Amino acid sequence: MIFTDIEITNLNLNSNCINDIYILLAKYLCGIHFLRGMSESESDLLNRYIVEIERRGKGVNFAQFNELLLILDLDQVSEEFFEFFFLNNRITDDGYISLDEIKIGIEYFRGLSMLSFGNLENVFTQCRIMNRAELENAFSPFNKKPEINKDYYSRRPEIILDTQKIKRDETWMLGYISGAKLLKDINEAEKQLTTKKDQETILSTKEYLQNLQEMKTKNDKNEIIALNNTDIYLTWDYLDVYFATSMRERWEYEEIYDFIEELFATNKQSKLENNNNLDELKLRYFNPTQSICNNPRNKGLIEGLMLKRCRVTIYMGQESDTLGKDSELAATLAQKNPVIAYYPLINPDEYWEVIKDRSLYYFIKRIYVLNAEGVFDQINNDESFKKIAYYYNEILSDFVDRINLFYKNDCPYSLFQKKENIFKQQKYFIKKPENDNGKGLEFNSENGIIEYTFYDICKLLAFAEHCVFEKRADVMKSKHPLAMQIDLENGVSNGVLIVRNSNQCRELLYNLLTNSCEFTIIHILLYSISKKEWSTFSDYLKVSSQQAILDCISYDTEDFFIYQKRFLSGKEIEILKDMKDNDKIPFSIRRQLNEIENIGLTALKEKISGCFFRIVTDDRKITNSFWNLFYKNKED
């Protein structure tokens, strides 16, 4: 694990900045929230001590480090504590550390504390006199070096009894809901043969029925394979990755199948393209497209066991959320295990080529859902959307009506791809709306008639799906309460890590399993601040002679919050609070300034996903109540 604490990084540790040394040790190591400041005597002794260290040029050893703590009236640490956090990652082994290495050691301590304890104030008191074994236990598994974890996975025995693979285009028939369509079409085809009299319909129905029966024969065999695969999953001594999914349609099975193939590069071509580093770990994972259960209750028991055993859950952000999938996400976080949430990064210019081969049922379902959720209304003013379809309301309504008539009059089946392909090749015409102002952009429109094709619908829907997934990824990252849950055993917060493609997911999964993650420790002060509001606020601080405060804060242009890059003193905090009524400052900032001491938080931000993996709140009331009540005996 690599940790970078922004505030610690910006501290200057030398004899000219002895207050920074005091802040480093008192606040960031010992976790003292309200700093009293140094006395004149402490300041003088510390200055002399640092000057002497600089003169010798050797740093400090364990005994000298404890002397440094006592100079500032801070508690000493055990020799094992010193070695664990300050000598553990050094190349040389002379027992001495420089002032800069003290910073690195304290960053490591704070990072592990957030991962293992969920707070930064009491950990030092709990751990400062622990021996090596106690420290290993307290900070496990996050303290294990990456090479140890890599060795653990790579030395695993090979799988003796592996699962059998079911083909991509046959997996959907295993589903409770998607597979039922096969039986429904068989029954409908048999019914049509008894009611229809024209030879052309009878011949095409017989041909279709034969295809359906061949599919059912394949599925009967695949069901036996899938049941056996489930039994095999139940015998494995290891299970590393679980996929939380909702698969109710054919395209959902195929998307999950493709993603897992890409993630683990299970074929030679994928391995060449992806340079897969997961191979060396000999991971075992539960593939939901290759497994079924004989009844829903047993399925629930099996999935519960999988969640308990797995080390990482990958949550598949799909077209809709479901109770089962969301509960699996929450259950994983509550066990302190990480969740990677995958929301595909959709390029509309490419995605329409993906969806054009899907059944017409996909289009009618997604148009209904997206329209009900107001997606088309939300993107009506988007210029890139207008270029696709100015008459989108009229066209979508007309297209849905045509599909309904097609299923009613021409094709009573849901799987008859041959007839659907004929439908897709047609051109469609509608009248211009009466209130049209002549601004139609891409669609042909002459003599009051608008012409469109199935491929126009594909492009329209692809753009809408792009907007949906962008919004859902943003909501999960920054707004959804489900994205941060607590470990029910020790109260540690546990956040969802979001990725947008299989390469990101592969790298993050590898890092999580091997303790190779990189984190930034960042202290957020104010939220939901626009770039314009930050610019106004920073300009005000400059002209009002508060450059010292401005030097201590900065702005995140991606997540729109103001964070602390250097320690703010109590006096500086009071100056900021006094600005709450200043109308020269944007309202969104002023309304937060009065509670600036409580509304902030310290976050552990993971590098690949850019998400908060752990948080520690600044709110004193929540902190005090939480830790007093969390461990309270339930019988009380």
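The values are calculated or read from the model by the stated rules, or taken from the named source; none is laboratory data. These numbers come from a predicted model, not from an experiment. Cβ: placed from backbone, ideal geometry, glycine included. Neighbour counts: every protein chain shown. Keep in mind that these areas ignore ligands, DNA and RNA; they rest on the heavy atoms of the full protein, side chains included. Shrake-Rupley method; radii C 1.70, N 1.55, O 1.52, S 1.80 Å.
FRET efficiency for LEU405 and LYS165, Cβ-Cβ distance as r, R0 = 30 Å, nearest 0.05? Write out the running numbers ahead of the final one.
On the way: r = 40 Å, r/R0 = 1.34.
My answer for the efficiency is 0.15.
Order the following by accessible area, largest value first: ASP75, ASP398. Probe radius 1.4 Å; ligands, DNA and RNA are ignored.
Details: ASP75 80, ASP398 30 Å².
Heavy-atom accessible area, descending, gives ASP75, ASP398.
Using amide H atoms built 1.01 Å from N in the peptide plane, name the residues 5+ places from PHE519, or on other chains, whose amide H lies under 5 Å from its own.
Sorted by chain and number, the residues that satisfy this are ILE2, PHE3, THR4.
Could you give the length gained on full extension between LYS144 and LYS308, defined as 0.36 nm per residue of separation minus the Cα-Cα distance, in nm?
Details: separation 164, 0.36 × 164 = 59.04 nm, distance 2.16 nm.
Contour length minus the Cα-Cα distance gives 56.9 nm.
Please give the solvent-accessible surface of GLU420 in Å², to the nearest 10, using a probe radius of 1.4 Å with every protein chain present.
About 10 Å², rounded to the nearest 10.
Taking all protein chains together and a probe of 1.4 Å, list PHE612, PHE65 from the most accessible to the least accessible. Each step should come with its number before you reach the end.
Values: PHE612 50, PHE65 0 Å².
Listed by decreasing accessible area, they come as PHE612, PHE65.
With +1 on each Lys and Arg Cβ and -1 on each Asp and Glu Cβ, and nothing else charged, work out how big the dipole of the stretch 281-328 is about its Cα centre, in Debye to the nearest 20. If you can, show how the numbers build up before the last one.
Values: 8 positive and 5 negative charges, 88 e Å.
Dipole size: approximately 420 debye.
Take the alpha-carbon centre of the stretch 36-87, take the same for the stretch 215-254, and report the distance between them in whole Å.
Going from one Cα centre to the other spans 60 Å.
Determine the gain in length on full extension of the stretch ASN122-LEU488; use 0.36 nm per residue of separation and subtract their C-alpha separation, reporting nm with one decimal. List each step's numbers first, then the result.
Numbers: separation 366, 0.36 × 366 = 131.76 nm, distance 1.89 nm.
129.9 nm is the gain from fully extending ASN122 to LEU488.
Apply 1/(1 + (r/R0)^6) to the Cβ-Cβ distance of SER397 and TYR238, taking R0 = 56 Å, and write down the FRET efficiency to the nearest 0.05. Don't skip to the answer; put the middle values down first.
Working: r = 53 Å, r/R0 = 0.94.
The value I calculate is 0.60.
Label points 7 Å out from Cα along the Cβ direction at GLU83 and ASP151: separation in nm?
Between GLU83 and ASP151, the simple spin-label model gives 1.8 nm.
Could you give the dipole magnitude of the chain about its Cα centre, charging the beta-carbon of Lys and Arg +1 and that of Asp and Glu -1, in debye to the nearest 20?
Dipole about the Cα centre, nearest 20: 1280 debye.
Using a/c under 1.5 as the rounded threshold, could you call the stretch 20-63 rounded, prolate or oblate? The axes a ≥ b ≥ c are square roots of the C-alpha gyration tensor eigenvalues, and prolate needs a/b larger than b/c, oblate otherwise.
Since a/c reaches 1.5 but b/c is at least a/b, the shape of the stretch 20-63 is classed as oblate.
To the nearest 10 degrees, how steeply does helix 531-543 sit against the main Cα axis of the chain, on a 0 to 90 scale?
20 degrees
Putting +1 on Lys and Arg Cβ atoms and -1 on Asp and Glu Cβ atoms, find which of ASN16, ILE6, ASN61 reaches farthest to the positive end of the dipole of the stretch 1-86.
ASN16
Which sequence of SER178, SER41 reflects their accessible areas, 1.4 Å probe, from the largest down? Write out the running numbers ahead of the final one.
Working: SER178 0, SER41 75 Å².
Order by accessible area, largest first: SER41, SER178.
Using Cα atoms only, what is the angle between the long axis of helix 323-334 and the major principal axis of the chain, expressed in degrees (0 to 90) to the nearest 10?
Helix 323-334 sits roughly 20 degrees off the main axis of the chain.
Using +1 at the C-beta of Lys and Arg and -1 at the C-beta of Asp and Glu, which of SER544, LEU525, LEU193 has the Cα lying farthest in the positive direction of the dipole of the chain?
Value: LEU193.
How much of LEU115 can a 1.4 Å solvent probe reach, expressed as accessible area in Å² and rounded to 10?
Surface accessible to solvent at LEU115 totals approximately 0 Å².
What's the long-distance tail for the chain, i.e. % of Cα pairs beyond 47 Å? If you can, show how the numbers build up before the last one.
Numbers: 64050 of 201930 pairs.
Pairs farther apart than 47 Å: 32 percent.
Once you keep just the Cα pairs under 8 angstrom separated by 6 or more residues, what percentage relative contact order results for the chain? Intermediate results must be reported in sequence, preceding the final value.
Numbers: 850 pairs, mean separation 96.6, N = 636.
About 15 percent, as a whole number.
Using the Cβ atoms and a cut-off under 12 Å, what net charge is assigned to the surroundings of LYS565, where Lys and Arg are +1 and Asp and Glu are -1? Mind showing how you got there, number by number?
Working: positive: ARG566; negative: ASP5, GLU7, ASP551, ASP556.
That works out to -3.
So how much accessible area does ASP151 have, in Å² to the nearest 10, using a 1.4 Å probe?
Taking all protein chains as shown, ASP151 has close to 70 Å².
Can you compute the FRET efficiency between GLN76 and ARG620 using 1/(1 + (r/R0)^6), with r the Cβ-Cβ distance and R0 = 30 Å? Round to the nearest 0.05.
On the way: r = 28 Å, r/R0 = 0.92.
Plugging the Cβ-Cβ distance into 1/(1 + (r/R0)^6) gives 0.60.
Roughly how tilted is helix 199-235, in degrees to the nearest 10 and between 0 and 90, from the longest Cα axis of the chain?
So the inclination is approximately 30 degrees.
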